[in-house]
Amino acid sequence: MILASTSRTRLAMLRAAGLDPAPVAPRVDEATIRDTLTAEGAHPRDIADALAEMKARKVAEKHPASLVIGCDQVLALDREIFAKPETPDAARAQLRQLRGQTHRLLSALVVYQNAEPVWRFVGEARLTMHTFSDAYLNDYIDRNWDSVRHSVGCYKVEEEGIRLFSAITGDHFTILGLPLLPLLAWMRNRGMIAA
């Protein structure tokens, strides 16, 4: 089993569930794919799915005998897609735009077996940020930049980022970027793990 990702969070989730995938970097140009699909008017859910499939396909081509899990997550505010911020100022701008709004995290999962797609799923979580102050926002970015710069939306709900929210609907694993419960159910139904 291979995880087409080097995400420590996704790898830790799978290992905590008793699976032992090898992490392999998929080496795809996510930004170009995301920008192209966005320019074509693709729905955010389809963008997440396409990115997850591209990652799984790239790794499966090199490891056709392995079960390959590809994942991707898209943050959407209405139909606007957000990317990981490159600077603290970009992080502040994103959080100002999300403040007081409800956005969606779309976590896609595509599984390849024998170099062919065999299963896919897109989980959705809805997260509502409260209207925090600019003073808190600036302090939050100053304290957490090293961590949140790796996260779309500039927050991690498993860390101080949880303080930005007034309501969350959706499962924790989808929020972290891998809809684990549907994956485990699919694996049980296929006899890949004990039921």
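The values are calculated or read from the model by the stated rules, or taken from the named source; none is laboratory data. These numbers were taken from a predicted model, which means no experiment stands behind them. Positions of Cβ are backbone-derived with ideal geometry, glycine not excepted, and every protein chain shown enters the neighbour counts.
Sort through ALA42, ALA76, ALA65, ALA12 and tell me the only one that's of a type outside the set (Phe, Trp, Tyr) and part of a helix (DSSP H, G or I).
Values: ALA42 fails: part of a helix (DSSP H, G or I); ALA76 fails: part of a helix (DSSP H, G or I); ALA65 fails: part of a helix (DSSP H, G or I).
Exactly one of ALA42, ALA76, ALA65, ALA12 is of a type outside the set (Phe, Trp, Tyr) and part of a helix (DSSP H, G or I), namely ALA12.
Conditions tested, residue by residue: (1) touching a strand residue (DSSP E or B) at 6+ places or on another chain (Cβ under 6 Å); (2) free of Cβ contacts under 8 Å to residues at least 24 places away in the same chain.
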position	(1), (2)
LEU95	no, no
GLY100	no, no
HIS103	yes, no
LEU106	yes, no
TYR140	no, no
SER147	no, yes
GLU159	no, yes
ILE162	no, yes
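If a residue has to be at pLDDT 95 or above, within 13 Å of the chain's Cα centre (by Cα) and either surrounded by fewer than 20 Cβ atoms within 10 Å (Cβ to Cβ) or hydrophobic (A, V, I, L, M, F, W, C) (or both) to count, how many in the stretch 29-52 make the cut?
6
Given the criteria of a type outside the set (Val, Ile, Thr), in a loop (DSSP other than H, G, I, E, B) and closer than 14 Å to SER107 by Cβ, does SER5 qualify? Break it down stepwise before answering.
On the way: of a type outside the set (Val, Ile, Thr): yes; in a loop (DSSP other than H, G, I, E, B): yes; closer than 14 Å to SER107 by Cβ: yes.
When the stated conditions are applied, SER5 passes them.
For (1) out of contact with any Leu (no Cβ under 6 Å at 6 or more places or on another chain); (2) part of a strand (DSSP E or B); (3) closer than 18 Å to CYS71 by Cα; (4) at pLDDT 95 or above, each residue gets a yes or a no:
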site	(1), (2), (3), (4)
GLN97	yes, no, no, yes
GLY100	yes, no, no, yes
ARG104	yes, yes, yes, yes
ALA108	yes, yes, yes, yes
ARG120	yes, yes, yes, yes
GLY123	yes, yes, yes, yes
THR128	yes, yes, no, yes
TYR136	yes, no, no, yes
ASP139	yes, no, no, yes
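Only one of these is modelled with pLDDT of 95 or more and buried (at least 17 other Cβ atoms within 10 Å of the Cβ): PHE165, PHE173. Name it. Give the steps one after another, and end with the answer.
Working: PHE165 fails: buried (at least 17 other Cβ atoms within 10 Å of the Cβ).
Only one candidate qualifies: PHE173.
Out of curiosity, is ALA16 of a type in the set (A, V, I, L, M, F, W, C), exposed (fewer than 14 other Cβ atoms within 10 Å of the Cβ), over 22 Å from ALA115 (Cα atoms) and without any contact (Cβ under 8 Å) to a residue 24 or more places away in the chain?
Values: of a type in the set (A, V, I, L, M, F, W, C): yes; exposed (fewer than 14 other Cβ atoms within 10 Å of the Cβ): yes; over 22 Å from ALA115 (Cα atoms): yes; without any contact (Cβ under 8 Å) to a residue 24 or more places away in the chain: yes.
It is true that ALA16 is of a type in the set (A, V, I, L, M, F, W, C), exposed (fewer than 14 other Cβ atoms within 10 Å of the Cβ), over 22 Å from ALA115 (Cα atoms) and without any contact (Cβ under 8 Å) to a residue 24 or more places away in the chain.
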